[in-house]
Amino acid sequence: VQLQASGGGLVQVGGSLRLSCATSGRTFSNYAMGWFRQAPGKEREFVAAINWSGTSTYYTNSVKGRFTISRDNAKNTVYLQMNSLKFEDTAVYYCATREGRLLSRLQGEYDYWGQGTQVTVSS
């Protein structure tokens, strides 16, 4: 199973980015997906998750109303639309897949991870 995250970059405060995570090697539509991030000097943390069908999503409080997770099962891809970006959103963002249809915010429940994509928010 491989996950390839992309879409990161340098953006100004208040700007937007859309991250993508393309997967292969697993029947994508059978599994929940998640996004996590790790800021410099901090532990990796949960950002958002989506169930197998895209009908259920969950966000950490700090991104609610600003970030949107979605998926396209026909393209084997999960997305993270990030709006109104803040300095504190600067981090390496990782996508992950878990063996199960239900979403989870727990890192230990995800079994495959992408390589990460850097998001830097500047003034």
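The values are calculated or read from the model by the stated rules, or taken from the named source; none is laboratory data. Given the structure is predicted, the values throughout are model-derived calculations rather than measurements. Don't worry about glycine lacking a Cβ; one is built from the backbone with ideal geometry, like all the others, and counts go over all protein chains shown. Quick note on the areas: whole protein, heavy atoms, side chains included, nothing else; ligands and nucleic acids left out. Shrake-Rupley method; radii C 1.70, N 1.55, O 1.52, S 1.80 Å.
A compact table of results
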quantity: Condition met for Q4 (open to solvent by 60 Å² or more (accessible area, probe 1.4 Å), farther than 18 Å from V121 by Cβ and under 13 Å from the mean Cα position of the chain (by Cα)); calculated: yes
quantity: Test: T77 is under 16 Å from G7 (Cα atoms) and among the β-branched types (V, I, T); calculated: yes
quantity: Elements of type strands (runs of 3 or more DSSP E) in the range 10-81, at least 1 residues being at pLDDT below 95; calculated: 17-24
quantity: Where a residue in the range 86-102 is touching a residue at least 24 places away in the same chain (Cβ under 8 Å) and its partner, wherever it lies, is open to solvent by 80 Å² or more (accessible area, probe 1.4 Å) and among the small types (G, A, S), with Cβ under 8 Å and at least six apart; calculated: F87/S123
quantity: Set V11, V47: member being open to solvent by less than 50 Å² (accessible area, probe 1.4 Å) and within 10 Å of the chain's Cα centre (by Cα); calculated: V47
quantity: Some residue of the range 50-66 being of a type in the set (K, R), open to solvent by 60 Å² or more (accessible area, probe 1.4 Å) and free of Cβ contacts under 8 Å to residues at least 12 places away in the same chain; calculated: yes
quantity: Top-ranked residue of the range 94-122 - restricted to ones that are among the small types (G, A, S), open to solvent by less than 60 Å² (accessible area, probe 1.4 Å) and more than 15 Å from the chain's Cα centre (by Cα), ranked as farthest from S6 (Cα to Cα); calculated: G100
quantity: Count of residues meeting criterion [surrounded by 19 or more Cβ atoms within 10 Å (Cβ to Cβ) and free of Cβ contacts under 8 Å to residues at least 12 places away in the same chain] in the range 24-44; calculated: 0
